[in-house]
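Just passing along the structure, written as structure tokens.
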Amino acid sequence: MTNIATVEPFAAARFIKEIGRGKDGARSLARHDAHDLYAAMLDGRVSDLELGGILLAMRIKGESVEEIAGFLEAAEASFTRIALPELPGAGRHYAPLVIPSYNGARHMANLTPLLALLLAREGVPVLMHGVPTDPGRVTSAEIFQALGQPLCSSMGQAQACFAQRLPAFMTIDALAPKMARLLAMRGVLGVRNSTHTLVKIMQPFVVPALRLSSYTHPEYLTMLTSYFMTTAAAERGDVFLMRGTEGETVANARKAQKIDWFHAATQTTLVEKQEIANEIPALPAQRDALSTASWIQQALLQPELIPKAIAAQVEQCLMACRNLYMRGDSASFDKKGKKDT
């Protein structure tokens, strides 16, 4: 681990001068400058005063496509990427899938763990990552623990889950500790920062993967759509982009969201528009972790309980993961999980 006390300080004033002029006067950074700035932030080379200024300036200005690309490149270089375990024979048929889970449930049950479990039992290597707890919300981590599935603290434990057809859940502290430090700045400043966007779009696998990504504000839809159409994003795999269900990337059981599929730098709409479900499914009566976990266990045994929107999302994910696996030299996924990207 880097000793923050001995690293060379990074002078951030010239960057703050560009991004700190307010929503209308601020200018966006070039991709290489955004990369260098965020890398320094991750390494603890930016002073607390400058770090606070940067985070608030970006919060007001909003990230450009070039900035988010530079930030993400630095972010993904700050942690060890996950390789897939070797499987005997023709044991793999799907590219891996990444499900960020940073919002949890406020009003309705959080069914993101159900989505992950349904996909994993079909043979998809599913990685979920997020925060262990969030005051006032029920997190996916809490539901997994209520299901009796321990959280993964190492790459080896995650790989063991993949081999057993179980989703691997890693907290952001275990997966990307440098990003976790910046994510935790919300508790100091009281507002979210660029890292909250980055954790929802990062791709932690060595090989190309399908990422489920969500947005809550229209301006993020515009920016993320532009980013996912870039060659750099396409090289890391495919993306499903949808409006979040209370911020989560699971389909809303009551109101199906529009879902766009980004693959090979092209965009395909999988679900055209939001539609109110004709029949409201029998969802968990309470949103707490134990009640949700108990209901999920029943749904895994009784498919008729699974909301139609989530069942459709499972099929869409299987299609995309199979397509991505076949599209990128499938043999390379089975050589210790290593593929040149």
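For the chain, take the longest principal axis of its alpha carbons; what is the angle in degrees between that and the long axis of helix 218-228, to the nearest 10 within 0 to 90?
The angle comes out at about 90 degrees.
With a sphere of radius 13 Å drawn around the Cβ of residue 56, what net charge do the other residues whose Cβ falls strictly inside it have (Lys, Arg +1; Asp, Glu -1)?
Here the charged neighbours net out to +4.
Show me the trypsin sites (Lys or Arg not before Pro) within the range 4-81 that DSSP assigns to loop and that have at most 13 other Cβ atoms within 10 Å of their Cβ.
Answer by residue number: 27.
Follow-up. Under a point-charge model restricted to the Cβ atoms of Lys and Arg (+1) and Asp and Glu (-1), what is the dipole moment magnitude of the chain relative to its Cα centre, in debye to the nearest 20?
Here the size comes out at about 140 debye.
Expressed as an acute angle from 0 to 90° and rounded to the nearest 10, what is the orientation of the C-alpha long axis of helix 65-76 relative to the principal long axis of the chain?
80 degrees
Among [x] 21.6; [y] 17.0; [z] 18.1, which is the computed mean projected area of the Cα convex hull in nm²?
Of the labelled values, this structure produces [y].
Roughly speaking, what is the centre-to-centre gap between the range 193-212 and the range 105-150 when only Cα atoms are used, to the nearest Å?
Answer, in whole Å: 17.
A further question on this structure: Per DSSP H run of at least 4 residues, take -39500 (n - 2.57); add these up for the chain, divide by its residues and hand me the 222 nm value, nearest 500 deg cm²/dmol.
Counting only the DSSP helices, I get -12000 deg cm²/dmol.
If you don't mind, another one. Can you grab the distance from the C-alpha centre of the range 238-252 to the C-alpha centre of the range 159-176, Å, no decimals?
The range 238-252 and the range 159-176 have Cα centres spaced 20 Å from each other.
Under a plain spin-label model, where a point goes 7 Å from the Cα along Cα-to-Cβ, how far apart in nm are residue 319 and residue 229?
2.2 nm
If you don't mind, there's one more thing I want to ask. What residue among 157, 203, 26 has its Cα farthest toward the positive end of the dipole of the chain, where the charges are +1 on Lys, Arg and -1 on Asp, Glu, each on the Cβ?
The Cα lying farthest towards the positive end belongs to 26.
OK, next. Percent relative contact order of the chain, based on C-alpha pairs within less than 8 angstrom and at least six residues apart?
Value for the chain: 20 percent.
Between their Cα atoms, which of 61/255; 23/255; 200/255; 23/200 are more than 27 Å away from each other?
Over 27 Å apart, Cα to Cα: 61/255; 23/255.
In the neighborhood of residue 15, defined by Cβ-to-Cβ distances under 14 Å, what is the net charge if each Lys or Arg adds +1 and each Asp or Glu adds -1?
0
Taking the chain as the reference, fit the longest principal axis to its C-alpha atoms, fit the long axis of helix 289-301 to the helix C-alpha atoms, and give the angle between the two in degrees, 0 to 90, nearest 10.
50 degrees
Read-outs throughout are calculated quantities, based only on the coordinates presented, and are distinct from any laboratory measurement. Because the structure is a prediction, the values reported are computed rather than measured. So basically every Cβ, Gly included, is an ideal-geometry build from the backbone, and we count neighbours across all protein chains shown.
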